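So the structure is just underneath, and the comments pick up after that.
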Amino acid sequence: MQPSEQTTYEILAKIDSPADVKKLSLDQLKQLADEVRRFIIAHVVETGGHLAPSLGVVELTLALHAVFDCPNDKIVWDVGHQTYAHKIITGRRDQFCTLRQLDGLSGFPKRRESAYDAFDTGHSSTSISAALGMAVGKRLRGASGKVLAVIGDGSLTGGMAYEGLNQAGFLNEDLIVVLNDNGMSIAPNVGALSKFVSRSLSGGAYQRFRKELERFLKNMPGVGENLVELARRAEESFRAFFSPSMLFEAFRFNYVGPVDGHDLGRLINVFGNVAPIKGPHLIHVITQKGKGYRPAEENPAHFHGVGKIAQPPATADCGLIPPPKPKIQTYTEVFGRTMVQLAKERRDIVAITAAMPEGTGLQSFAESYRDRFIDVGIAEQHAVTFAAGLACEGFRPVVAIYSTFMQRAFDQVVHDVCLPKLPVVLAMDRAGVVGEDGETHQGLLDLSFLRCAPNLSIMAPADENELRHMLFSALDHDGPTALRYPRGAGLGAHTDEPLRPLPWGKGQLLSDGGDVLLVGIGVGVELCRLAGVMLSAEGVSAAVVNARFVKPLDDELICQLAQRCGRVVTVEENMLAGGFGAAVLEALAAHGLRPKTRLIGVNDRYVEHGAQGKLRQRLGLTPEAVAAAARALLA
Ligand SMILES: Cc1ncc(C[n+]2csc(CCOP(=O)(O)OP(=O)(O)O)c2C)c(N)n1
Ligand SMILES: CC(=O)[C@@H](O)[C@H](O)COP(=O)(O)O
Ligand SMILES: [Mg+2]
């Protein structure tokens, strides 16, 4: 930390581990909370990141580290996007300026980064299962130490969380689940359970009724006080009966709460009381997402995840000047706009999201067609099978789930959609390299895990205009279709009308040539096109193909050109194993062709966090790399 910052962060400057936190008085902890909050804001406006979630758990984080003895005690953070305060006080304060940057700090817990990161998270609803595994492991080893899972109300809409609760209660295991309830997923939380869990009997009408009744009873001559006491007892049992406790007690958890998640003294007291007691406990903590930064408090959905904020505010109170919008539309925006356009004509279209209406671009669809927009919460498996049910009733569901989160619904895609050949469209945004969210969020597996499913067609557009026509075509196709497209801006392609059906299973010859075939899918097509231009300047004639379909692949076009050129380079933003290049090799082999080949994609590794462009450079997903591969085949 720079000397100049010593005064700004007087206490934080001396915090190098949770042991330093434990030495602080309550007043010092409150000052530390303020300093950590300001530190997070000051950095995240520069680096981007999950600002609102992390601001909401500053006190909770300090209280946990004040009471529990990490790393021997284990804290598993669900999703892990809210761990900035945790990282800052567990020895990573001075690296925090590298957050989410290539070779810098991850935005999520990483065991490789710190012993205080008990489990790598990123996908929601895993914390209870992982924590339970650790608790059972400690018990079997006779090891000391408590295990905690910190899970948000949004993540508690994920079914896996209940699988963990169910087993933990059954085992009567030593486990503390801290429910961080801020009423928000990314958007406002949905689902009956979230209503039940977060409903509070402190609502205005209830309080007015309570005061009226108390005034009325107190004025009754002679028996008033007794009746007031009786009413108080009745209220207690009323509260106990209707409070969220009954849900968690059904899982045999001891329910504690709700507790004010910004009251450090109360939190420390509750954690201290619960810590020594064996068995499963659920501590229900109420927090405010974005706490301490007015723009985030007022719009926690927008500030759930932010990019670099162009005009960092002088204070936490001033309004924000939003960064200039990219002139080129993003694939997400084009998808959302096309969905609205199509839904005007077709009343059978239903849009489904798993707690990500904004991220998938369905906000305007939701506003325009409320009855045909469904947010199922963080429940991707349910979303897919729910869509299958809708398709059985003659609807055309479009399930918008990021590529990485679709991994969670693989069996539902196969078993409930592809096997019965139901006309469901899987719209997978963030397919390919996504960037700063890192390994857990890259969308690099979908072509591989979906290509093996019979009856499924798979498309990927070369640009944002082609996405529109592909979506139109998929909705007319009599069977399941997966449509995958990348995070971020398109190529600035002209969007032409009217929307038209693409010839199914057919690729597009962009330029002809006889020396080498460059065949791409999705963002790989532009790389091939640019490489073709480079090669032609060297006198090499490259045939460039936009495959459009991974399945059914346009065997005829690809094999005919491969036979003529004798050299083939394939390009995809997906794992090579089982991906698009593999599909081309299979087609060539099936036609008895053996050209010289180079496959460009991701070779059997998870991809770290960093800016999208820098990662693509590192992965060799560039026109230069495609041209170099072609030259190697020509050598
Ligand atoms: C399986 C999965 N689906 C979707 C997401 C995207 N996602 C990240 S955080 C989040 C909302 C989490 O809400 P909550 O658990 O309440 O945490 P909060 O942000 O409110 O602190 C979602 C939907 C994810 N990380 N994992
Ligand atoms: C933590 C999480 O999983 C989401 O917030 C995710 O980071 C959203 O990704 P986008 O920012 O690409 O919408
Ligand atoms: Mg929440």
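The values are calculated or read from the model by the stated rules, or taken from the named source; none is laboratory data. Being a predicted model, the structure only gives us computed values, none of them experimental. Here the Cβ positions follow ideal geometry from the backbone for every residue, glycine too, while neighbour counts run over all protein chains shown. These accessible areas exclude ligands, DNA and RNA; they are computed on the full protein's heavy atoms, side chains included. Shrake-Rupley method; radii C 1.70, N 1.55, O 1.52, S 1.80 Å.
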| query | Counting only protein heavy atoms and using a 1.4 Å probe, what share of the accessible area of region 331-484 belongs to carbon plus sulfur, as a whole percent? | reply | 53
| said: Please report, ordered by residue number, every helix of the chain (full DSSP H runs) that is 24 Å or longer along its axis going by C-alpha atoms and whose mean Kyte-Doolittle hydropathy reaches -1.0. | reply: 26-47, 224-242
| message | Accessible area per residue for region 3-296 in Å², computed with a 1.4 Å probe and the full protein assembly in place, what is it? | response | 42
| note | Under the rule rounded for a/c under 1.5, else prolate if a/b exceeds b/c, else oblate, using alpha carbon gyration tensor axes a ≥ b ≥ c, the chain is classed as prolate
| What trypsin sites (Lys or Arg not before Pro) in region 557-635 are in a loop by DSSP, with at most 13 other Cβ atoms within 10 Å of the Cβ? | Arg605
| region 508-634 - share of DSSP beta bridges that are antiparallel (%, nearest 5) | 15
| Just how large is the dipole of the chain about the Cα centre, in debye to the nearest 20, putting +1 at every Lys and Arg Cβ and -1 at every Asp and Glu Cβ? | 400
| task | Output the relative contact order of region 329-400, whole-number percent, from Cα pairs under 8 angstrom with separation of 6+ residues. | result | 37
| Quick one: of the DSSP bridges fully inside region 345-477, what percent are antiparallel, nearest 5? | 10
| request: Report the one residue of Leu390, Ala143, Leu557 whose Cα lies farthest in the direction of the positive end of the charge dipole of the chain (charges on C-beta: Lys and Arg +1, Asp and Glu -1; origin at the Cα centre). | output: Ala143
| task | Give me the percent of DSSP beta bridges within the chain that run antiparallel, rounded to the nearest 5. | result | 15
| message | Counting only protein heavy atoms and a 1.4 Å probe, tell me what percentage of region 491-551's accessible area is made up of carbon and sulfur. | response | 59
| field | Shape of region 508-634, Cα gyration tensor, a/c cut at 1.5 | value | oblate
| said: If a paramagnetic tag sat 7 Å from the Cα of Gln341 along the Cα-Cβ line, which residues of region 486-503 would have the backbone N under 16 Å from that point? | reply: 490-502
| message | For Met220, Met406, give me the order by solvent-accessible area with a 1.4 Å probe, most accessible first, ignoring ligands, DNA and RNA. | response | Met220, Met406
| said: I'd like the distance between the alpha-carbon centres of region 160-177 and region 591-635, rounded to an integer number of Å. | reply: 45
| query | Which links in Lys22/Lys110; Lys87/Lys146; Lys74/Lys308; Lys22/Lys146; Lys218/Lys291 stretch past 28 Å when you go from one Cα to the other? | reply | Lys74/Lys308; Lys218/Lys291
| Exposure rule at most 12 other beta-carbon atoms within 10 Å, DSSP loop GluC sites (Glu not before Pro): the chain longest free segment | 1-392
| request: Leaving out ligands and nucleic acids, note down the accessible area per residue over region 568-613 with a 1.4 angstrom probe, in whole Å². | output: 43
| Debye, to nearest 20: dipole size of region 508-634, +1 on Lys, Arg Cβ, -1 on Asp, Glu Cβ | 240
| Positive dipole terminus of the chain, leading residue within Gly91, Tyr606, Gly566 (C-beta point charges) | Gly91
| So what's the net charge close to Asp69: Lys and Arg +1, Asp and Glu -1, counting the other residues with Cβ under 15 Å from its Cβ? | +2
| message | Quick check on region 331-484: take the gyration tensor over C-alpha atoms, sort the square-rooted eigenvalues as a ≥ b ≥ c, and tell me if it's rounded (a/c under 1.5), prolate or oblate. | response | rounded
| Given only helices, namely DSSP H runs of n ≥ 4 each adding -39500 (n - 2.57), what is the per-residue ellipticity at 222 nm of the chain, to the nearest 500 deg cm²/dmol? | -12000 deg cm²/dmol
| said: Just want the answer: with Cβ charges of +1 for Lys and Arg and -1 for Asp and Glu, which residue in Cys70, Val259, Val58 is farthest toward the dipole's positive end in region 3-296? | reply: Val259
| field | Length-normalised contact order of the chain in % [C-alpha pairs under 8 Å, at least 6 apart] | value | 11
| field | region 413-467: trypsin sites (Lys or Arg not before Pro) falling in loop per DSSP and having at most 15 other Cβ within 10 Å | value | Lys421
| task | Skip the ligands, DNA and RNA, and give the accessible area per residue of region 331-484 with a 1.4 Å probe, whole Å². | result | 30
| message | Can you give me the % of accessible surface on region 84-123 that is carbon or sulfur? Probe 1.4 Å, all protein chains present, nothing else counted. | response | 47
| request: Please find the FRET efficiency linking Ala590 to Thr8, where r is the Cβ-Cβ separation and R0 is fixed at 60 Å, and quote it to the nearest 0.05. | output: 0.35
